[in-house]
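Trainee: Quick one: the structure is below, questions incoming.
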Amino acid sequence: MNTLGLAAALAWPIPMLVALFFVLRDRTLKFRPLWAVACFIGVGAFWMEQASGRWGFIPLAINLIPGTQPGFHRSTLPGGALLVMIALWLRARKRAQAQTAA
């Protein structure tokens, strides 16, 4: 069970960093610093105590780069990163359709 907690704690930053990469790569995006901060907003919090294996999920937690505590694995669902990637994908799709129509 500790392996699953550790995997969740290590996996949550990956989509956030990927979304940040896409935001930094798009030079035409307005308010890029705000989009970059939005990449690191997490929704919900999964926690697991290493010693006992106790775990829980807090669905209404909103985290901006969640911290850690000794003896706990903690992760969050990267809601902000997913919204940023969807917005950038829709924007790129709209731009591609405009180019093919022109």
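The values are calculated or read from the model by the stated rules, or taken from the named source; none is laboratory data. Everything numeric in this text was worked out from a predicted model, so none of it was measured. Don't worry about glycine lacking a Cβ; one is built from the backbone with ideal geometry, like all the others, and counts go over all protein chains shown.
Trainee: Scan (1) of a type outside the set (A, V, I, L, M, F, W, C); (2) part of a helix (DSSP H, G or I); (3) under 15 Å from Leu77 (Cβ atoms) for the single condition Gly42 breaks and write down its number.
Mentor: Going through (1) of a type outside the set (A, V, I, L, M, F, W, C); (2) part of a helix (DSSP H, G or I); (3) under 15 Å from Leu77 (Cβ atoms) one by one, Gly42 breaks only (2).
Trainee: Of all residues in the range 45-58, which are aliphatic (A, V, I, L, M) and either part of a strand (DSSP E or B) or touching a strand residue (DSSP E or B) at 6+ places or on another chain (Cβ under 7 Å) (or both)? Walk me through it before giving the result.
Mentor: From the range 45-58, those aliphatic (A, V, I, L, M) are 45, 48, 51, 58; that's our starting set.
Across the range 45-58, the qualifying residues are Ala45, Met48, Ile58.
Trainee: Residues of the range 42-53 being closer than 16 Å to Leu83 by Cα and surrounded by fewer than 19 Cβ atoms within 10 Å (Cβ to Cβ), which ones? Steps first, please.
Mentor: Of the residues in the range 42-53, the ones closer than 16 Å to Leu83 by Cα are 42-44.
Answer for the range 42-53, where residues must be closer than 16 Å to Leu83 by Cα and surrounded by fewer than 19 Cβ atoms within 10 Å (Cβ to Cβ): Val43, Gly44.
Trainee: Still on this structure: Can you tell me which residues in the range 19-33 are more than 20 Å from Arg95 (Cβ to Cβ) and of a type in the set (A, V, I, L, M)?
Mentor: Result: Leu20, single match.
Trainee: Inspect all residues belonging to the range 59-68 and state whether any of them is touching a strand residue (DSSP E or B) at 6+ places or on another chain (Cβ under 7 Å), exposed (fewer than 11 other Cβ atoms within 10 Å of the Cβ) and under 22 Å from Leu83 (Cβ atoms).
Mentor: The answer is yes, given that some residue of the range 59-68 is touching a strand residue (DSSP E or B) at 6+ places or on another chain (Cβ under 7 Å), exposed (fewer than 11 other Cβ atoms within 10 Å of the Cβ) and under 22 Å from Leu83 (Cβ atoms).
Trainee: Determine which member of the set Ala61, Ala81, Ala36 is without any contact (Cβ under 8 Å) to a residue 24 or more places away in the chain and in a helix (DSSP H, G or I). Break it down into steps so the answer makes sense when it comes.
Mentor: On the way: Ala61 fails: in a helix (DSSP H, G or I); Ala81 fails: without any contact (Cβ under 8 Å) to a residue 24 or more places away in the chain.
It is Ala36.
Trainee: Let me ask something else about it. How many of the residues in the range 1-17 are in contact with a helix residue (DSSP H, G or I) (Cβ under 7 Å, 6 or more places away or on another chain) and among the aliphatic types (A, V, I, L, M)?
Mentor: Just the residues of the range 1-17 that are in contact with a helix residue (DSSP H, G or I) (Cβ under 7 Å, 6 or more places away or on another chain), to begin with: 15-16.
So of that shortlist, the ones also among the aliphatic types (A, V, I, L, M) come out as 16.
The number of residues fulfilling the criteria is 1.
Trainee: A follow-up question, please. Do the conditions hold for Val23, that is, is it among the hydrophobic types (A, V, I, L, M, F, W, C), modelled with pLDDT of 85 or more and under 12 Å from the mean Cα position of the chain (by Cα)? Steps first, please.
Mentor: Numbers: among the hydrophobic types (A, V, I, L, M, F, W, C): yes; modelled with pLDDT of 85 or more: yes; under 12 Å from the mean Cα position of the chain (by Cα): no.
Here the answer is no, as Val23 does not meet what is asked.
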